[in-house]
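Shown next, in structure tokens, is the structure this report addresses.
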Amino acid sequence: MTDVSAFAPPQPVWVRAFRAVLRWRRPVLIIPVLILTSVVVAGITADWISPHHPEKGVLVDRLSPPFWSGEITELKTVVPGSPLQKTNVTVDQITEHDAKRIDPDVAVGSQITVVTRPEGTTKYLLGTDHLGRDLLTRIIHGARISLVMAALTLLVGGTMGTVLGLTAGWYGGWIDEAVMRLVDIILALPLILIALVLVVALGPSFQLIVGIMAIAIWPLFTRVTRGEVLRVKTADYVALARVSGAGTLRIMFVHILPGITNSVIVVATLLVGVVILLEAALSFLGAGVPKPTPAWGLMLSEGRDYIAKAWWISTFPGLAIFLTVLSLNLFGDWLRDALDPRLRQLE
Amino acid sequence: MQRFLMRRFFLMIITLFAVSMIIFVMARVSGDPRNLLLDEMATDEQWELLGKELGLDKPYYQQYAIFMGGVLQGDFGVSLQQDRPVMEIISERVVPTLQLGGAAFLLALIVGIPLGVLSAVKRGSILDQVGRAVALIGQAAPSFWLGIMFIFIFAVGLDLVPPSGRYEWNSFILPTITLAWGGFLAGSLRLMRSAMLDTLDSEYVKLARAKGLSTRSIIWKHAFRNALIPPLTLAGVSMPAILTGSITTELVFAWPGMGQLAVQALFAADYPLIQGLTIMFTLGYVFVALLVDVLYAYIDPRIRYT
């Protein structure tokens with residue numbers, strides 16, 4: 001192939017600059033960052049910005065569709081029947097008793113237009129669930145729960161994993177061996193099932209779920225931290241610190257830890273999505289935070305039985321999980337490339 | 001090789017031991033089984049008698065030994081809810097779970113590996129973009145949500161396939177796609193792509209090019225074989241996601257497998273059943289992990305000597 005560009009005039013500076021911005025600043029990242037910011041803001045301000053109460057519903061308004069949906073009507077034949085004997089009424093029929101409530105003059109055998117699904121209202125922007133609770137409100141409050149649980153899990157698991165990784169990497173020998181075998185064992189456990197067993201035995205609670213998830217993720221921190229410590233350990237500044245009389249703890253936390261913070265941050269960012277998905281799966285299976293807490297996974301599972309009648313109940317919480325985790329993954333990938341490309345092998 | 005395998009085997013034994021310990025301890029923590037089996041009218045003698053029968057009067061280490069003895073003989077006790085041996089209930093559910101898992105695994109390989117290779121070979125093409133989108137969705141969307149959306153679109157809306165259950169061949173379509181996409185597909189695709197990019201950039205592929213071999217031969221004979229190694233390890237790494245995915249997928253599609261049974265047992269607080277299921281799942285889990293390790297060591301000689 002002939003290289004034409006060698007003969008072509010150089011591109012204007014602004015084109016090259018624009019290309020460079022495109023390449024390095026990743027404007028695509030604006031969308032994930034916007035999504036993440038709104039999720040965080042929603043989580044923090046949930047109590048002030050929610051239009052309704054997250055756990056108390058208005059039963060009369062149950063299964064109200066999102067505001068843009070129109071009314072759905074069906075033509076039904078009126079058949080005789082009282083409210084007590086509805087068993088022999090088919091889908092395209094309606095009892096005389098019920099029909100009289102719509103139109104008092106209706107006769108048996110005639111046809112009547114019945115509203116099977118009301119119009120959406122701006123009172124409930126994303127509609128309501130089977131108990132008449134506002135979905136938007138519950139999704140906003142769900143953001144708070146997901147974020148708080150993910151943050152606590154990462155704080156507990158991350159601290160534990162980092163400290164163990166530091167210790168294992170720094171001391172080496174049997175301590176290293178013991179810690180790393182423990183890591184292998186934890187990673188080999190089917191934790192989702194153990195979580196189910198624990199929840200059956202101890203009852204569902206916020207602390208238990210966070211504890212289980214922290215146990216599931218600390219080994220990942222330990223692996224990365226240990227590897228990084230082994231790399232940094234032989235650096236000159238560590239040797240100099242030791243010569244100048246710094247103690248082991250001081251070297252570990254003041255000299256080594258800052259040098260590996262980038263990796264820990266990248267791992268943590270990449271794991272937020274994993275933790276959110278795990279929490280959603282647990283609450284979907286009924287082993288998460290107890291009802292009626294508005295957790296995204298729980299809302300999704302509640303809407304499962306209404307999927308034919310009210311698609312919005314499951315769709316929107318799932319969309320919230322999907323967009324949040326997608327944004328986190330895109331952001332995490334970018335952060336990894338920017339801060340620490342070596343961690344690519346983590347995948 | 002032998003040392004490596006011994007080590008993995010040892011790890012498998014420890015894992016099984018750890019799981020059995022957790023289950024045993026949890027069974028004791030969750031309360032006295034006699035509270036469930038006897039009513040308030042039971043006399044002290046009945047209480048003691050049943051305790052003897054269940055072995056509750058013995059020290060804990062003996063109780064654990066009895067429990068393990070039962071497990072090793074395939075005796076997990078009797079389900080509280082169904083009043084049948086746990087082993088009998090589980091054995092009815094093994095086949096559907098294996099069928100669904102196997103189908104999803106195959107689908108993930110059939111789609112993920114070629115798509116990963118082609119994405120790497122034609123980097124930046126539309127195919128590469130499609131592959132990236134498939135992988136991003138698979139990694140970010142909860143598989144149970146995908147499943148519910150599939151039911152809504154293809155079963156309720158378009159009426160193409162049955163919404164749930166395990167009947168004709170077409171009832172396999174949605175659960176298989178859901179489990180593959182949410183579990184293994186995204187990982188195998190991404191890893192295949194990056195491994196392929198790495199090998200295509202290696203010296204021996206450049207040499208093959210310099211020798212004037214055809215592109216097809218270079219891609220499939222030289223690069224592909226070596227690029228297969230990283231995705232294989234993924235099977236081991238993504239086991240948690242696959243396990244979670246298979247439980248939630250079975251629940252979403254009312255698939256009569258072990259995952260659905262586990263959730264039912266959970267809601268009924270049927271402790272012996274969930275205990276037996278956990279042990280069975282763990283067995284399958286560690287067995288697959290060991291299999292992957294062996295295969296890995298077989299394909300990649302470098303592993304055997306570390």
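The values are calculated or read from the model by the stated rules, or taken from the named source; none is laboratory data. The model shown is predicted, which means the values in this text are computed figures rather than measured ones. Methodologically, a virtual Cβ is constructed for each residue, glycine included, from the backbone with ideal geometry; neighbour enumeration extends over all protein chains shown.
So here's what we get for this one:
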item: Selection status of B:ARG225, part of a helix (DSSP H, G or I), surrounded by fewer than 22 Cβ atoms within 10 Å (Cβ to Cβ) and among the basic types (Lys, Arg); result: yes
item: First in segment B:116-134 and more than 14 Å from B:LEU197 (Cα to Cα), second anywhere and outside any helix (DSSP H, G or I), Cβ under 9 Å, 6 or more apart; result: none
item: Sole residue being surrounded by fewer than 24 Cβ atoms within 10 Å (Cβ to Cβ) and either of a type in the set (Val, Ile, Thr) or modelled with pLDDT of 85 or more (or both), chosen from A:VAL289, A:VAL275, A:VAL267; result: A:VAL289
item: Residue list for segment A:166-178, filter: under 25 Å from B:ASP293 (Cβ atoms) and crowded, with 19+ Cβ neighbours inside 10 Å; result: A:ALA168, A:GLY169
item: Test: residue in segment A:151-172 that is closer than 23 Å to B:GLY284 by Cβ, of a type in the set (A, V, I, L, M, F, W, C) and touching a Ser or Thr at 6+ places or on another chain (Cβ under 6 Å); result: no
item: Segment A:299-317 residues that are touching a residue at least 40 places away in the same chain (Cβ under 8 Å) and within 10 Å of chain B (Cβ to nearest Cβ), paired with ones that are polar (S, T, N, Q) and part of a helix (DSSP H, G or I) (beta carbon under 9 Å, 6 or more apart); result: A:GLY303/A:SER314; A:GLY303/A:THR315
item: Residue check, B:THR199 modelled with pLDDT of 75 or more, away from chain A (no Cβ under 14 Å) and either touching a Cys at 6+ places or on another chain (Cβ under 6 Å) or surrounded by 17 or more Cβ atoms within 10 Å (Cβ to Cβ) (or both); result: yes
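To keep it simple, each residue is scored yes or no on (1) assigned to a loop (DSSP other than H, G, I, E, B); (2) closer than 29 Å to B:TYR271 by Cα; (3) modelled with pLDDT of 80 or more; (4) within 12 Å of chain A (Cβ to nearest Cβ).
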| residue | (1), (2), (3), (4) |
| --- | --- |
| B:GLU88 | no, yes, yes, no |
| B:ARG93 | no, yes, yes, no |
| B:GLN139 | no, no, yes, yes |
| B:MET149 | no, no, yes, yes |
| B:PHE152 | no, no, yes, yes |
| B:PRO163 | yes, no, no, yes |
| B:PRO175 | no, yes, yes, no |
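This table checks each residue for (1) part of a loop (DSSP other than H, G, I, E, B); (2) touching a Phe, Trp or Tyr at 6+ places or on another chain (Cβ under 9 Å); (3) at pLDDT 75 or above; (4) farther than 16 Å from A:LYS309 by Cα.
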residue	(1), (2), (3), (4)
A:ASN88	yes, no, no, yes
A:VAL91	yes, no, no, no
A:ARG101	no, no, no, yes
A:ALA107	yes, no, no, yes
A:THR116	no, no, no, no
A:THR122	yes, yes, no, yes
A:LEU126	yes, yes, yes, no
A:LEU131	yes, no, yes, no
